[in-house]
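Written out below as structure tokens is the structure these notes cover.
The values are calculated or read from the model by the stated rules, or taken from the named source; none is laboratory data. Bear in mind that the values here come from a model prediction, so they are computed numbers and not experimental data. In this analysis, Cβ positions are derived from the backbone assuming ideal geometry, glycine residues included, and neighbour counts consider all displayed protein chains.
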Amino acid sequence: MSTVMVLLEHEYVMAKLINISASTEERMTPGERRVASRLESFLNDDCFVWYDIPVGRKNRHPDFVIIDPDNGLVFLEVKDWTVSTLRKANQEQVTLETDGLLKSEINPLVQVRRYACDTVNALPADPCLRQNDGQYKGRLNLAWAYGVVFTRITRQQLKALTGNNENAVEKIFPSAQTICLNRPGNPGD
């Protein structure tokens, strides 16, 4: 099971949301608010969660960055897309239809991976965060992971976009890095 899934499936005490305020919540999408609430509720109290903070040398903004003492750094990108707006997807980009217009965007897994890699490549500049010996000498000395959260699409709906081909959807949105709505019409999932 992936780090992303482990973090959201275990029930713990309460994570600390670092930069969530009334003005921040106004900027959040409904799905981001729901994910923030779930992270706060289900992560251990020694976890820290940041929303929309600049990371890496390029100051990119992942939706959530989690520091978990047991699992390291986790970067999450949240999408409130619906199956009716998601027209096509491949490993590099997705095509969305809104108001009758088609728009191509970067695949959110590629997007969040870039955020994670930018950060992971910058952090070893701090000697405390750098591996000092062995095979990974000079690299970040803690684990890291990234994933996407679809708050309004089920895994089955993603699969339907690829002609019900589980292998195809797994290549585009691997289940180890993709969290989907469990049941359609149930925003509490």
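Scanning the range 68-93 for residues that are over 16 Å from the mean Cα position of the chain (by Cα) and more than 30 Å from L123 (Cα to Cα) turns up T82, V83, S84, T85, L86, R87, K88, A89, N90. Restricting the range 132-162 to residues that are aliphatic (A, V, I, L, M) and buried (at least 19 other Cβ atoms within 10 Å of the Cβ), which is nearest to the chain's Cα centre (by Cα)? Here the answer is V148.
Within the range 45-65, the set of residues being buried (at least 20 other Cβ atoms within 10 Å of the Cβ) and polar (S, T, N, Q) is empty.
Only a single criterion out of (1) surrounded by 13 or more Cβ atoms within 10 Å (Cβ to Cβ); (2) at pLDDT 90 or above is not satisfied by L181, namely (2).
Taking each residue of the range 70-85 that is at positive phi and looking for partners that are outside any strand (DSSP E or B) with beta-carbon atoms closer than 8 Å, six or more apart or interchain, yields G72/T3; G72/L142; G72/A143. Does F42 count as of a type in the set (F, W, Y), farther than 29 Å from Q157 by Cα and surrounded by fewer than 18 Cβ atoms within 10 Å (Cβ to Cβ)? Taking the combined requirement at face value, the residue does not satisfy it.
Scanning the range 25-55 for residues that are small (G, A, S) and without any contact (Cβ under 8 Å) to a residue 40 or more places away in the chain turns up A36, S37, S41.
Listed here are the residues, each with its yes/no results for (1) of a type in the set (V, I, T); (2) within 22 Å of E32 (Cβ to Cβ); (3) surrounded by fewer than 18 Cβ atoms within 10 Å (Cβ to Cβ).
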residue: T85; (1), (2), (3): yes, yes, yes
residue: L102; (1), (2), (3): no, no, yes
residue: V112; (1), (2), (3): yes, yes, no
residue: A125; (1), (2), (3): no, no, yes
residue: C128; (1), (2), (3): no, no, yes
residue: V169; (1), (2), (3): yes, no, no
